[in-house]
Amino acid sequence: MQKIRHDQVVRKIEEFIACGQFKAGERIPPERDLADHFQVSRNTIREAIKALAEKGVLVSRRGAGTFVAQGALACVVYGFTRRHKRLTEIFELRNLLEPQIARLAARRITSEQIEILKGIVQQQRENLEDKTIQAMLDDQFHSLIVQAAGNTVLSELYDALHGALTESRSQELQSYERNVRSMEYHGRLVEALEAHAESQAATIMREHMQQVESNFEQLVRAQHHTDGTEHLLENDAEPHANKKL
């Protein structure tokens, strides 16, 4: 079973609040029940609860348990909206940078770097359903193209932005379909780089970035439809779903 991090548990608990399963003022299930449900350790649950308490979503009361804070729903919806905006801005940045990086890489890439990129694409093909491996390979692929561009200042800039750029590759934003499309674009890009076709490489990278952003928007719409946040954002009404833990 794929390891679940505490931030993924945070997201799931926020979804329960958004859909109305966990309501303001109510006590959430004990740590052991949450650990069993999410198939994680109790320490992971504690980390998630601590993170949610710091955000003002949960309140822990000694001897009584952990409760959903008053105003938790507004915090959750605001958090979803802010994360959506941040990721949209990250994709805007990637759209500005990565096509030009690909253009430079096509001019300067070595045969050794081409072979490494081909190997990464092959690993992607062999691990399409593993989100952890896909995120790692995607990072390696784009980082190597930056190296191939042969611009030290650009590499320093990319390293400085690495943390933010990695957010757009997080596991929660992935799907099997996205992984297949990314692999296909990566394969086409490697062919353009090997041919030192600068304009073609830039175009393929631009299309790839647009595909990734489109996939993100589809996932957001699907998530909002599932957890009820779309209804909340549009109408500022109370959630009406009632999923069971």
- Which residues' amide hydrogens lie under 5 Å from the amide hydrogen of residue 60, considering only partners 5 or more residues apart or on another chain, with H built in the peptide plane? 67
- Message: Can you give me the angle between helix 131-149 and the longest principal axis of the chain, using Cα atoms only, in degrees from 0 to 90, rounded to the nearest 10?
- Response: 40
- Taking the Cα atoms of the chain, what is the range of coordinates along each of the three principal axes, in descending order and whole Å? 65, 37, 31
- Protein-only accessible surface order, largest first, of 209, 136, 183 at 1.4 Å: 136, 183, 209
- Message: Within the chain, what whole-number % of the accessible surface is contributed by carbon and sulfur, with the 1.4 Å probe and all protein chains included in the calculation?
- Response: 50
- Task: Leaving out ligands and nucleic acids, note down the accessible area per residue over the chain with a 1.4 angstrom probe, in whole Å².
- Result: 53
- Along the stretch 178-190, what does the Karplus equation 6.51 cos²θ - 1.76 cosθ + 1.60 (θ = phi - 60°) give for ³J(HN,Hα), rounded to whole Hz, x for Gly and Pro? 4, 5, 5, 5, 4, 4, 5, 5, 4, x, 5, 5, 4
- How far, in degrees from 0 to 90, does helix 111-126 lean away from the longest principal axis of the Cα atoms of the chain, to the nearest 10? 40
- Task: Would you mind computing, in nm to one decimal, how far apart the modelled labels at residue 127 and residue 181 are, each placed 7 Å from Cα along Cα→Cβ?
- Result: 2.2
- Selection from 100, 119, 77 lying farthest towards where the dipole of the stretch 45-162 points positive, charges on Cβ: 77
- Query: Can you give me the relative contact order of the chain as a percent, contacts being Cα pairs under 8 Å and 6 or more apart?
  - Reply: 26
- Two pseudo-spin positions, 7 Å from Cα along C-beta at residue 108 and at residue 53, lie apart in nanometres by 5.0
- Place a +1 charge on the Cβ of each Lys and Arg in the chain and a -1 charge on the Cβ of each Asp and Glu, then give the dipole magnitude about the Cα centre in debye, rounded to the nearest 20. 820
- Cβ crowding within 10 Å averaged over residues, with 142-152, 64-74 ranked highest first: 142-152, 64-74
- Message: I need the phi-derived Karplus couplings for the stretch 65-70: 6.51 cos²θ - 1.76 cosθ + 1.60, θ = phi - 60°, integer Hz, Gly and Pro marked x.
- Response: x, 10, 10, 6, 6, 5
- Taking a spot 7 Å from the Cα of residue 196 along the direction of its beta carbon, which residues of the stretch 127-170 have an amide N less than 17 Å from it? 148-151
- Item | Spatially close lysines, pair count over the stretch 7-151: Cα under 24 Å, gap of eight or more or interchain | 10
- Query: Rounded to the nearest 500 deg cm²/dmol, what is the calculated helix-only ellipticity per residue at 222 nm for the chain, with -39500 (n - 2.57) per DSSP H run of length n ≥ 4?
  - Reply: -24500 deg cm²/dmol
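The values are calculated or read from the model by the stated rules, or taken from the named source; none is laboratory data. Note that the structure is a prediction, hence the values are computed from the model and not measured. Note that we place each Cβ from the backbone using ideal geometry, even for glycine, and neighbour counts take in every protein chain shown. Note: accessible area is taken over every heavy atom of the protein model, side chains too, but ligands, DNA and RNA are not part of it. Shrake-Rupley method; radii C 1.70, N 1.55, O 1.52, S 1.80 Å.
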